[in-house]
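A short write-up of the structure that comes next.
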Amino acid sequence: MMYMGYSVLPPELLAHVFDYIDSKPDLLSLRLACRQNYAFLTPRIFHTLKVHPNVQGLKAIEGITVRSPHLARYVQELVFVEDEKDGELPTTGSKVSIGQRMFDNIAKFTSLKSLRLHFHNKYDEPDESEYASGGSTYLRFQRAIFDSIERSLIRGARSTCGTRMPHNTKPTLDLLEIVGMITAANEVFCDEPWQQLLSCLKHLSIYTISPDQEMRGGHQHEPYVAFLAETLPSILIPATNLTSLTLHFDQPAHPNWHRSWDDIHFPNLTALSLTNAVFDSLEDDETEALDGMELFISEHAETLRVLKLHRCWMLCWYDTMTEEPRFWSRVWNKLQCELQVLEEVDVTLRPTPYARLTEWGYMPENCECEDENGKANPGGGQGTSLPDGTPRTRYEEQLDNDREALEQLMHTVDMRKSGAYC
């Protein structure tokens, strides 16, 4: 009986066989065994490139973009990870230089669809003035990475105008994930190369990192407010093709105070995840405008299928039309009526889901909500009591209603998904 080898096996079966091999060196060796392995394994081996900001990471990228550029077209996902395993924190020029060089040729990854930037998860600043001036070493390192990506995109755009590269070789990302993004103003995202790259995105995830709140003061202080008012909108506004958006704020964030958010809309958005977002009413007597965050969700009611809200706060303002405090139950009831195509809702509120804004930022609302005259007042007064005599605030009394409204929203979503809701 003649031995046929595995050259006659269908690609699906070969893929299943190679899935059992976890060692990349072994796959590289198999890739060189024959032409069939080379053609089959090359796209699989170089599909995802994971690098750290060190010499080894630089060699891995330059080994493809400089010494073996024919392999660059196989890279579809680039994962940049900066963690404690790297040892040296971004406090020296050498590490900044390595980071820049790693992204100098990112435009050569012409098939790149996913870019994940995972910066260090610890962020300490020597003093507040250095942070406010934008001169910290942590911030310089991040900006060096973003600037390097922009320079590479510019060089790539120039190459497409020449004769050596066709016009369709410029990378068009589907996914951008930035973890550990420092909450400071950064104008690089306003530049045309970044704006064009952002306009292609379908999936965007941003996880912020800020200095200690005790050092920074309230969220309304610079530079956190500059990040919410300038940097974040400059990233979101051009990304009109998004289908999923994740905004994970490490500190309570109130983006709807800034008019630039009025221009943000995603016609195809199907999934939205918000962490540490602050809701409030701030209704206008003339326009009766809704809270910006709630309005942002409502404006995507026709397309939104997945909604996740984690550790969000309701700010203790009073509605200007009713002079009544605003409760979460109102939000849940409104979303239940408006989000007709919603298929999944995931809500994790804080133990105390209401907050006041103080000079030191957001604080849980745990004070009385009526004064001695019985007038609604989040700052003091006498409320009702629990069975053991412990005073209850007006907001604490509302928690049961909030819980029931949320359960009704989730029940309605489940019924709609199963087709049992009319």
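The values are calculated or read from the model by the stated rules, or taken from the named source; none is laboratory data. Everything numeric in this text was worked out from a predicted model, so none of it was measured. For neighbour counting, all protein chains shown are included, and Cβ atoms are generated from backbone atoms with ideal geometry for every residue, glycine included. Surface accessibility is based on the protein's heavy atoms, side chains included, excluding ligands, DNA and RNA. Shrake-Rupley method; radii C 1.70, N 1.55, O 1.52, S 1.80 Å.
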Practice problem: Please find, within the stretch 231-263, the residue that is modelled with the lowest pLDDT out of those that are outside any strand (DSSP E or B), more than 19 Å from Ala301 (Cβ to Cβ) and of a type in the set (A, V, I, L, M, F, W, C). | Solution: Trp257
Exercise. For residues that are among the basic types (Lys, Arg) and open to solvent by 80 Å² or more (accessible area, probe 1.4 Å), scanning just the stretch 403-420, find the one that is farthest from Leu309 (Cα to Cα).
Key: Lys417
Quiz item: When only residues in the stretch 70-100 that are modelled with pLDDT of 90 or more and charged (D, E, K, R) count, which is surrounded by the most Cβ atoms within 10 Å (Cβ to Cβ)?
Solution: Glu77
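Just one of Ile182, Ile206 is surrounded by 15 or more Cβ atoms within 10 Å (Cβ to Cβ) and modelled with pLDDT of 95 or more; which is it?
Ile206 is the lone residue from the list that is surrounded by 15 or more Cβ atoms within 10 Å (Cβ to Cβ) and modelled with pLDDT of 95 or more.
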Exercise. For Lys113, state whether it is at pLDDT below 90 and not aliphatic (A, V, I, L, M).
Key: no
Quiz item: What number of residues within the stretch 65-76 are assigned to a helix (DSSP H, G or I) and closer than 13 Å to Phe109 by Cα?
Solution: 8
Quiz prompt | Leading residue by the ranking (least open to solvent (accessible area, probe 1.4 Å)) among those in the stretch 296-306 that are closer than 21 Å to Pro233 by Cβ and touching an Asp or Glu at 6+ places or on another chain (Cβ under 9 Å) | solution = Ile297
Quiz item: Looking at (1) in contact with a helix residue (DSSP H, G or I) (Cβ under 8 Å, 6 or more places away or on another chain); (2) outside any helix (DSSP H, G or I); (3) of a type in the set (Val, Ile, Thr), which is the one condition that is false for Val79?
Solution: (1)
Quiz item: Do we find a residue being modelled with pLDDT under 60, more than 16 Å from the chain's Cα centre (by Cα) and at positive phi anywhere in the stretch 316-326?
Solution: yes
Quiz item: Identify, please: which residue in the stretch 276-293 is buried (at least 19 other Cβ atoms within 10 Å of the Cβ) and in contact with a Leu (Cβ under 8 Å, 6 or more places away or on another chain) and is, among those, modelled with the highest pLDDT?
Solution: Ala277
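Inspect all residues belonging to the stretch 343-358 and state whether any of them is at pLDDT below 90 and closer than 27 Å to Ile237 by Cα.
No, there is no match, as no residue in the stretch 343-358 is at pLDDT below 90 and closer than 27 Å to Ile237 by Cα.
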Self-check item: Those residues of the stretch 23-48 which are acidic (Asp, Glu) and within 20 Å of Phe109 (Cα to Cα), in sequence order
Solution: none
Practice problem: Please go through the stretch 31-64 and pick out each residue that is surrounded by 13 or more Cβ atoms within 10 Å (Cβ to Cβ) and part of a loop (DSSP other than H, G, I, E, B). | Solution: Cys34, Phe46, His47, His52, Pro53, Asn54
